[in-house]
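J.: Sharing a structure, written as structure tokens. Questions coming.
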Amino acid sequence: MPSVLDWVNTPLCVVDGIFAQNSSSPEWERKVVEYFKEKLKVNDAQSWVPSLNDVPLHYLKPNSLVKFRCMVQDMFDPEFFMGVYETVDPATNSKVLRCGKYKDVTDCGQVDFSSRNAVTSERQTFYCVPIPGESQWVKESYACSSQARVVPSTSYAPNRHKRSYEEDDEMETQTEQQKELNSGPQDVESHRNVDSKRLETEAPSQNASPSRCSSELDLNFPLPGERGPACLVKVYEEWDGFKLNDMLEVFGILSVDPALSLVADDKEASSLLDPAVCMETVEEQRAHSPPASLVPRIHMLYALPLQHNNPLLPSAVSEDKGAFLNGVLSELSSVRAELLSFFTHIFLGDSLAAEYLILHLISTVYARRDVLPLGKFALNVSGCPHSSPYTEQLYQIIQQLVPSSYRICMSLHNMNNQRMVPRKDYTANRLVSGTLQLASNTSLFLDETQLEQGQLDTTGVRNITALGNLISWQKVDYDFNYHQMEFPCNINVLVTSEGRSLLPCDCQVHLQPTLTPPNLEEYLKTVLQAQLPSQLNKYRVYLTVVRSLDYSISEQLTKAVEEDFVEMRKDDPQSVNAEDLHRMLIVARLLSLSYGQTNLSSDNWVKAKQMEMMRVSRTQQQKCLNGNEP
């Protein structure tokens, strides 16, 4: 590893150098991007670049190369900037052509705005947030693999002792939360400007408290309690190739110039803005130009679309990816057996429920046929105890295995008060996020055991409808006031309930425990603690790799399945219908993939049928016992 990485520390010098050599050619912009791409391919150089996800902003050097693992939360209107401009030396009257790309402000000299050599260019701005619901083990793994060496930036650092995110959070948020709880709405409003200025000058911890982030500082995170920076990402090329809610790893040049904070901070200055001239409201100015110390700018050189955010798998550009996957594939069957045993203990000896949980966790939408999403497998685990913290602990265990997840406690209060569906704020011209604005392959855990008697209001009905549409069609209808805009998604939904779920799940399996531990909470903690870190890592890799495998059914087996279906309907045509066959085929597909097999075999088809028969029989028995079960 080189002792001095000039292209990481001073990337604008590289850009200016390439521009100076090739300014007469339109190819200079392509050469800049290719230069950094090639540099980042060598010897795992990506790990040398500091990440905004795990390095506090005041430790990063302004105008240095950084990366950011994020989700596109909003897309602003395109903006114009001076791509090429000319500066004049007042003393000598000499002129120099300069590059304005990857910058927010001109760096030197007096700009000649009447120059014929000036070029006005266009760029797009994305509002990006850390991947919602990203698990702690994912964040820690990414941070540990980083080789970036950073020190507090003298040009930006506050005059106080620097602390890590966690230290800042522990020492500051409790007192601030207490102050807000003890103050009324007017007090909070009166302190808002003071807090914003203090946070900017003191280079804040990005681990600000959830309440402050979502309301006082309004970082627009989709999930309550989220931590980390939000960024304005300036995109210069091919921005049409990006979509809302895409997961990206952005590589770009950090910009935290104090001049960017003037409009957001200065109420008096912003009140003087003439809407007829600037065509923007004050609210829009503040939403689109937040303080750079709180929402830094990243001028994108390029971005890697992320199919997943599992740090235990090599990146798409890694040379050893093929060898790694071959090694994993050879161990899939043994890892599956260990995971099945683990889940069986979690489900108190119920191996059938454990089988279905594995199938659920590896499911993903692999295609869409008209409006029908293919591959989804929303699972309802019924028979969960209401009086114990079983469902909460089950979620915490799943959280240890998947890269991103979120639990919604479906209490009456949450259903009536939580904002799940994103909506468009036309005054600020931005998309206000909701809890269903999630990245692809997020595990959404819906806890129905917390339901109680009461009346759903308009918001509650809207939220239940949104959850139903998400499960059935893998889409969320964002609220644009005058119309709904449909956004497809790919979210794994697991519903835990006492009886059958009120939501339209693809499959219901009723728990039949064979173990009755005297202390359920201690039992589950012991089961989890018995898993070595190396075993947990195997499970994490397994679930991600298996989900990405291709799958097919041979013509011969397709014909055999059709004949089998006819035979099953001979004795009792009402026992098996087309919907049952469709579910069996989904179970057979996921079962095959869970063993690392990309083609359906006769054995797996037979096992899928047996699993479905056991599951349906168990569900029917439960209906008979309950009598009033729907």
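The values are calculated or read from the model by the stated rules, or taken from the named source; none is laboratory data. Computed from a prediction, not measured in an experiment: that's the story for all the values here. Glycine gets a Cβ as well: all are built from the backbone with ideal geometry, and neighbour counts include every protein chain shown. Heads up: the accessible areas ignore ligands, DNA and RNA and are worked out on the full protein's heavy atoms, side chains in. Shrake-Rupley method; radii C 1.70, N 1.55, O 1.52, S 1.80 Å.
J.: About its Cα centre, what dipole magnitude does the range 3-157 give when the only charges are +1 on Lys and Arg Cβ and -1 on Asp and Glu Cβ, stated in debye to the nearest 20? Mind showing how you got there, number by number?
T.: Details: 16 positive and 19 negative charges, 63 e Å.
The calculation lands at about 300 debye.
J.: What are the residues whose amide H is under 5 Å from the amide H of Leu60, where those residues sit 5 or more places off or on another chain and H is modelled from the backbone?
T.: HN-HN under 5 Å from Leu60: Ser153.
J.: Another question, if that's okay. Put one equal scatterer on each alpha carbon of the range 503-606, apply the Debye formula with no solvent term, and list log10 I(q)/I(0) at q = 0.12, 0.16 1/Å to two decimals.
T.: -0.66, -0.95
J.: Under Stokes-Einstein, with the Kirkwood radius over Cα pairs standing in for Rh, what whole-number D in µm²/s applies to the range 47-145 at 25 °C and 0.890 mPa s? Please list the in-between numbers first.
T.: On the way: Rh = 16.8 Å.
For these conditions, the coefficient is 146 µm²/s.
J.: Still on this model: Roughly speaking, what is the stretch gain from Asn537 to Lys623, that is 0.36 nm per residue apart minus the C-alpha to C-alpha distance, in nm to one decimal? Present the calculation step by step, with values, prior to reporting the outcome.
T.: On the way: separation 86, 0.36 × 86 = 30.96 nm, distance 3.91 nm.
Full-extension gain reported as 27.0 nm.
J.: With Kirkwood's inverse mean 1/r over C-alpha pairs for Rh, give me the Rg to Rh ratio of the range 353-492, two decimals please. List each step's numbers first, then the result.
T.: Details: Rg = 15.8 Å, Rh = 16.3 Å.
So for the range 353-492, dividing Rg by the Kirkwood Rh gives 0.97.
J.: Give the value in nm², to one decimal: projected area of the alpha carbon convex hull of the range 4-59, averaged over all directions.
T.: Numbers: hull surface 18.9 nm².
Spelled out: convex hull of the Cα atoms, projected over all directions, averaged, 4.7 nm².
J.: Which value, to two decimals, describes the C-alpha radius of gyration of the range 566-630 once divided by 2.2 N^0.38 Å? Please list the in-between numbers first.
T.: On the way: Rg = 13.9 Å, N = 65, 2.2 N^0.38 = 10.7 Å.
Working it through for the range 566-630, the quotient is 1.29.
J.: So how do 589-598, 232-241, 89-98 stack up, highest first, on mean other-Cβ count within 10 Å? Each step should come with its number before you reach the end.
T.: Working: 589-598: 20.1, 232-241: 17.2, 89-98: 11.3.
Taking the mean over residues of other Cβ atoms within 10 Å, the ranking is 589-598, 232-241, 89-98.
J.: Could you order peptides 395-406, 33-44 by the average number of other Cβ atoms within 10 Å of their residues, highest first? Display every interim value, and only then the final one.
T.: Details: 395-406: 20.8, 33-44: 14.9.
Taking the mean over residues of other Cβ atoms within 10 Å, the ranking is 395-406, 33-44.
J.: Can you list residues whose amide H is under 5 Å from Thr442's amide H, if they're 5+ apart or on another chain and H is modeled 1.01 Å from N?
T.: Asn492
J.: Per 5 Å bin, what is the whole-percent P(r) computed from every C-alpha pair distance within the range 368-450?
T.: 3, 11, 16, 20, 20, 15, 9, 5, 2, 0
J.: Note down the net charge around Gln450, summing +1 for each Lys or Arg and -1 for each Asp or Glu among other residues with Cβ under 13 Å from its Cβ.
T.: Values: positive: Arg407; negative: Glu392, Asp447, Glu448, Glu452, Glu498.
Result for the local shell: -4.
J.: What is the set of long-range amide H partners of Val495 at a cut-off below 5 Å, with H atoms built 1.01 Å from backbone N?
T.: Distant-sequence amide H within range of Val495: Leu379, Asn380, Val381, Leu446.
J.: Shifting gears a bit: From the cross-link list Lys67/Lys376; Lys67/Lys243; Lys475/Lys609; Lys31/Lys234; Lys243/Lys475; Lys475/Lys538, which pairs have alpha carbons spaced over 24 Å apart?
T.: Values: Lys67/Lys376 32 Å; Lys67/Lys243 19 Å; Lys475/Lys609 30 Å; Lys31/Lys234 19 Å; Lys243/Lys475 15 Å; Lys475/Lys538 31 Å.
Result: Lys67/Lys376; Lys475/Lys609; Lys475/Lys538 exceed 24 Å.
J.: Highest mean first, what order results for 540-549, 362-371, 599-608 on Cβ atoms within 10 Å?
T.: On the way: 540-549: 20.6, 362-371: 14.6, 599-608: 16.7.
Final packing ranking: 540-549, 599-608, 362-371.
J.: To continue, here is another question. Going by accessible area, probe 1.4 Å, with all protein chains left in place, what is the ranking of Asp6, Asp218, Asp580, largest first?
T.: Result of the area sort, largest leading: Asp6, Asp218, Asp580.
J.: Just to be sure I understand: if I project the alpha-carbon convex hull of the range 283-366 onto a plane and average over all orientations, what area do I get in nm²? Intermediate results must be reported in sequence, preceding the final value.
T.: On the way: hull surface 43.1 nm².
Mean projected area of the Cα convex hull: 10.8 nm².
J.: Right, here's the next one. Calculate the FRET efficiency for Asn577 and Tyr551 from the Cβ-Cβ distance with a Förster distance of 22 Å, rounded to the nearest 0.05.
T.: Values: r = 24 Å, r/R0 = 1.09.
The formula returns an efficiency of 0.40 here.
J.: May I ask you to compute the full-extension gain from Ser601 to Leu244, defined as 0.36 nm times their residue separation minus their alpha-carbon distance, rounded to one decimal in nm? Before the final figure, lay out each step's value.
T.: Details: separation 357, 0.36 × 357 = 128.52 nm, distance 3.88 nm.
Extending this stretch completely gives an extra 124.6 nm.
J.: Roughly how many Å² of Leu304 are accessible to a 1.4 Å probe, to the nearest 10?
T.: 40
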